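As structure tokens, the structure follows; a few thoughts come after it.
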Amino acid sequence: MMIAVYRWFENWVYPFREPAGLRPPVSVRGFLWHYVGQAKVAFFAMLVIGGIAPLVEAGLFYFVGRLVDILDQLPGERSWDALWTAAGPELVFMAAVVLVLRTIVVGLAALVDEQTITPGFYNLVRWQAHRHVSRQSYDFFQNDFAGRIATKVWQAGQATGDLMQSFIEVVWFMVVYTVTTLVLVAGLDLRLAVLVVIWITAFGWLARRYLPAIRKHAEQTAEAGSMITGRIVDSYSNVQTLKLFSADGDDRYIRSGFDIYLDALRPFTRRLTGVRMALTTLSGIMITAIACFAVYLWVEGSITVGAVAFTLSLVLRLNMLLGRLMMQLNGILRNLGVLENSKALISQPLGLTDAPDAKELVVTGGRIDVKNVEFHYGKGFGVLNGIDLVVRPGEKVGLVGPSGAGKTTLANLILRLYDLEAGKINIDGQDVSKVTQNSLRANIGVVSQDT
Ligand SMILES: Nc1ncnc2c1ncn2[C@@H]1O[C@H](COP(=O)(O)OP(=O)(O)OP(=O)(O)O)[C@@H](O)[C@H]1O
Ligand SMILES: [Mg+2]
């Protein structure tokens with residue numbers, strides 16, 4: 001039975017779907033919506049359940065206060081019978097909320113979080129980001145570290161999913177937790193509510209003061225993190241060269257990568273400790289103030305013992321929740337930073353695309369015409385200057401030249417791994433830039449130096 005339920009939630013968001021456009025927009029909001037829009041019903045469900053859960057939790061704290069009052073004001077001797085006569089239905093209702101409603105709501109929330117969003121949505125973002133990035137030009141990969149690109153693609157899924165989860169939790173926190181706490185406390189004494197408002201305002205001030213820097217730190221740390229991953233992956237992939245020539249030299253290179261990463265990480269984690277200390281100081285002051293005031297109200301005789309217990313439990317809950325809120329806000333900004341870092345790479349337009357009316361290459365004889373080709377790797381000079389070459393069908397031609405002469409470059413241009421800077425390359429009279437890349441490469445056999 002549970003297996004079927006798990007499977008249903010797991011199949012809700014299919015990670016390998018193909019949207020109309022694979023390239024996400026450049027703006028943060030556009031980028032988020034590009035992916036979130038593909039799972040909007042699941043996120044909507046998360047939003048709804050996310051609202052009910054804190055309401056039920058707030059109810060539990062209310063029940064504590066009620067139970068204390070019911071026991072305290074029980075007429076006659078202490079017995080289950082007297083208790084049942086005084087408040088039987090209410091107690092049954094409380095038990096039902098705790099046993100049934102709460103279990104269902106928390107269970108649903110967990111299913112959407114753990115079965116739908118985490119496996120489905122996170123990997124939808126990663127898969128689609130990969131699908132777009134993998135179609136980037138040869139040049140795109142030549143100019144970056146593979147490990148760095150991979151880290152950014154992978155992190156995009158995590159950051160987008162976590163961001164949405166934190167965002168929904170924060171929205172509900174603001175609405176449900178703050179409002180219920182205020183309403184419940186104000187019901188006892190307005191002055192208690194004022195203290196709570198002061199607390200929340202001070203919290204907001206602290207959040208505004210500390211959080212924007214976290215986004216910046218997170219972006220820098222993400223960049224440094226993908227850089228170090230890039231260096232490590234690069235050194236492992238070139239392990240033969242390293243073993244032959246410069247194992248120690250490369251470890252110095254990796255070590256300096258760690259230093260750069262730590263230089264980005266340390267100010268970030270200092271900032272996090274600062275936020276935690278500031279928050280703890282604030283909550284310490286506020287808990288003490290509210291506790292003193294509640295006792296004062298009890299001394300005055302204006303609230304019951306149950307109300308003091310209830311107020312204190314609400315205050316402790318508020319304290320816990322504000323801590324969690326700060327963690328979530330922190331998470332949002334952290335993930336925004338990571339997302340911006342990934343987005344800059346993932347949302348880049350394809351550097352080399354098929355012409356709009358590209359046809360399949362049809363090879364009849366295999367004649368290659370290279371006409372007046374210029375190619376300088378964008379540097380304006382060098383490599384290939386005005387190259388002409390004709391290879392007739394059936395002919396075997398060897399290109400001979402010193403290392404760095406441009407032999408591989410010319411072969412890559414025939415494969416259209418780069419676009420020419422000037423000139424033309426035809427295969428059986430068809431311009432290589434006008435046929436589909438897939439048909440071109442499918443028709444050319446290549447054995448590279450490395451294989
Ligand atoms: N991605 C690149 N970006 C910029 N310059 C490059 C790039 N790839 C190669 N070059 C430069 O272009 C020139 C030609 O390189 P190419 O690899 O085509 O030479 P080659 O003739 O195949 O040499 P080898 O015999 O060593 O294989 C070299 O100076 C090289 O440094
Ligand atoms: Mg070569």
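The values are calculated or read from the model by the stated rules, or taken from the named source; none is laboratory data. All figures in this text were calculated on a predicted structure; none of them were measured in a lab. Neighbour counts run over all protein chains shown; Cβ positions are idealised from the backbone, glycine included. To get the accessible areas, we keep the full protein, side chains included, count just its heavy atoms, and leave off ligands, DNA and RNA. Shrake-Rupley method; radii C 1.70, N 1.55, O 1.52, S 1.80 Å.
Amide H to amide H distances under 5 Å link SER137 with GLY351, LEU352, where only residues 5 or more positions off or on other chains count and H is placed in the peptide plane. Here's how it looks for ALA422: its modeled amide H is under 5 Å from those of GLU374, which are all 5 or more places away or on a different chain.
Simple point charges give the picture: +1 on the Cβ of Lys and Arg, -1 on the Cβ of Asp and Glu, and for region 1-143 a dipole about the Cα centre of about 960 debye. The C-alpha atoms of the chain define a longest principal axis, and helix 305-346 lies at about 10 degrees to it.
In order along region 417-424, the Karplus-derived 3J(HN,Hα) couplings, from 6.51 cos²θ - 1.76 cosθ + 1.60 at θ = phi - 60°, round to 6, 10, 8, 5, 8, 7, x, 7 Hz, and Gly and Pro are given as x. Ordering LEU361, VAL64, THR311 by the projection of their Cα atoms onto the charge dipole of the chain, which places +1 on the Cβ of Lys and Arg and -1 on the Cβ of Asp and Glu, puts LEU361 at the extreme positive end.
Give the accessible surface of the chain per residue, rounded to a whole number of Å², with probe radius 1.4 Å and ligands, DNA and RNA excluded. Let's see the in-between values first.
Working: 24850 Å² over 451 residues.
Ligands and nucleic acids excluded, the result is 55 Å² per residue.
The shape of region 368-442 comes out oblate: with a ≥ b ≥ c from the C-alpha gyration tensor, a/c is at least 1.5 while a/b does not beat b/c. Each Lys and Arg Cβ is given +1 and each Asp and Glu Cβ -1; about its Cα centre, the chain then shows a dipole of about 700 debye. The fraction of accessible area contributed by carbon and sulfur in the chain is 63 percent, rounded to a whole number (1.4 Å probe; ligands and nucleic acids excluded). Ranked by the mean number of other Cβ atoms within 10 Å of their residues, highest first, the peptides 335-342, 140-147 come out as 335-342, 140-147.
If you stretched the chain out fully between PHE93 and TYR6, how much longer would it get, using 0.36 nm times the residue separation minus the C-alpha to C-alpha distance?
My answer for the length gained is 28.3 nm.
Compared with the dominant Cα axis of the chain, that is its longest principal axis, helix 80-96 is turned about 10°.
A straight Cα-to-Cα reach below 19 Å connects LYS379 with the aspartates and glutamates ASP139, ASP144, ASP419, GLU421, residues fewer than 8 places away in its own chain not being considered. Charge dipole of region 368-442 (Cα centre as origin; +1 on each Lys and Arg Cβ, -1 on each Asp and Glu Cβ, all else neutral): 160 debye, rounded to the nearest 20. Relative protection proxy for 210-219, 271-280, from highest mean packing down: 210-219, 271-280 (other beta-carbon atoms within 10 angstrom). Total lysine pairs in region 2-346 at Cα distances under 27 Å, for residues eight or more apart or on different chains: 5. By how many degrees, 0 to 90 and rounded to 10, does the Cα axis of helix 146-172 deviate from the longest principal axis of the chain? Orientation of helix 146-172: about 20 degrees from the principal axis.
Taking Rh as the Kirkwood radius computed over C-alpha pairs, what is the Stokes-Einstein D of the chain at 37 °C in a medium of viscosity 0.692 mPa s, expressed in µm² per second? If you can, show how the numbers build up before the last one.
Numbers: Rh = 27.6 Å.
Answer, rounded: 119 µm²/s.
For region 181-196 versus region 42-103, the spacing of their alpha-carbon centroids is 21 Å.
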